[in-house]
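Please read the structure below before turning to the comments.
The values are calculated or read from the model by the stated rules, or taken from the named source; none is laboratory data. Everything numeric here is computed off the predicted structure, so don't read it as measured data. Cβ placement follows ideal geometry from the backbone for every residue including glycine, while neighbour counts extend to all protein chains displayed. All accessible areas refer to the heavy atoms of the entire protein, side chains included, with ligands and DNA or RNA removed. Shrake-Rupley method; radii C 1.70, N 1.55, O 1.52, S 1.80 Å.
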Amino acid sequence: MNSEDVATRNGCDYVAWKHWHDSAFGTFSAYDNLYFSAELRSSSLRLDSETRVLEIGFGNGSFCGWVRQTTKNYVGTESNPVLIERALSTGIEAHPATLNIEQISSGRIFDLIAIFDVLEHLEIDSILTLLQSCKRVLSSQGLVLIRVPSGDSPFAAHLFHGDITHKTLLGSMAIRQIAGMLNMQVQAIKEPAFPITGLGPAAVLRRSGVSIVRSMVTSLINAAYHGNEPMVLTPNLVAILSQKSDQSPLSDQRKS
């Protein structure tokens, strides 16, 4: 079995483990719709038909399918050859994962770079290289939206240690340190959006209760252990980075 065959086999194994079925590629659930809408709403970015989006690690395409309802200016990267083939077969511009985004940008810049559940798979040096490259193709008002298991949280262990391909656990302080090293602005480090309405009355009651309990536990733990510093104690955290206000990429022209 050659190296290409091994890569394909490993890719198939990972896809099967994640239960990412071919027929579900590019689809998203009612909850995904609420979550992505709320996550983008909490940022300063408003999607429209001209918004240029890059997604790093598109997985089985749930965010891709959601965002392409609004804009077709979407580019994705993925390390898994099985998923790249699925994307290409549906007409999506998809590229093998790379730390050098300029190689695939072809001079384009992006208003949103989405990195959901990816950075934990990389070593620190690779994370820095990737984000530095993202910075160079980010528009002057663009955002890098990151979701990772929260290194602040005692409740993140099942996420981080539940996948043997995970390598790096990032918390709030590490995110700020990385942003400082890259001379980027931290717009927010926060809990992921947690939609309460939109899934029916029973879900409203349950999720309202969960939200109240989370708030109480977070306040208690942060007061007891973190000197009331606002650590993110949900299993995942979301970070939003941008260019510093005195910086812009080499070009900020809209390109197809």
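Would you point out the residue of the stretch 162-187, among those that are open to solvent by less than 30 Å² (accessible area, probe 1.4 Å) and outside any helix (DSSP H, G or I), that is nearest to ASN80 (Cα to Cα)? So, considering only residues that are open to solvent by less than 30 Å² (accessible area, probe 1.4 Å) and outside any helix (DSSP H, G or I), the one nearest to ASN80 (Cα to Cα) is ASP163. When the stretch 208-244 is examined, which residues are found to be open to solvent by 80 Å² or more (accessible area, probe 1.4 Å) and closer than 19 Å to ILE178 by Cβ? GLU229, PRO230 - these are the residues of the stretch 208-244 that are open to solvent by 80 Å² or more (accessible area, probe 1.4 Å) and closer than 19 Å to ILE178 by Cβ. Of SER139, SER153, SER126, all but one fail to be free of Cβ contacts under 8 Å to residues at least 40 places away in the same chain and either open to solvent by less than 40 Å² (accessible area, probe 1.4 Å) or in a loop (DSSP other than H, G, I, E, B) (or both); the exception is SER126. Answer yes if at least one residue in the stretch 111-119 is within 28 Å of TYR14 (Cα to Cα), hydrophobic (A, V, I, L, M, F, W, C), touching a Ser or Thr at 6+ places or on another chain (Cβ under 8 Å) and modelled with pLDDT of 95 or more, and no otherwise. Yes, that holds for at least one residue. Pairs are defined by a Cβ separation below 8 Å, a sequence spacing of at least 6 or placement on different chains, a first member in the stretch 169-191 that is under 21 Å from SER140 (Cα atoms), and a second member that is open to solvent by 40 Å² or more (accessible area, probe 1.4 Å) and among the polar types (S, T, N, Q); the pairs so defined are ALA179/GLN185; LEU182/GLN132; ASN183/GLN247; GLN185/SER245; GLN187/SER44; ALA188/SER42.
Pairs meeting the criteria (first residue in the stretch 206-231 and closer than 15 Å to PRO154 by Cα, second residue modelled with pLDDT under 95 and open to solvent by 70 Å² or more (accessible area, probe 1.4 Å), beta carbons under 6 Å, at least 6 apart or on different chains) are ASN222/ASN228.
If you go through the stretch 113-145 and keep only what is touching a Leu at 6+ places or on another chain (Cβ under 7 Å) and of a type outside the set (A, V, I, L, M), you end up with GLU120, SER126, THR129, GLN132, SER133, LYS135, GLY142. Filtered by the rule that a residue be open to solvent by 40 Å² or more (accessible area, probe 1.4 Å), part of a helix (DSSP H, G or I) and not hydrophobic (A, V, I, L, M, F, W, C), the stretch 188-207 gives PRO201, ARG206.
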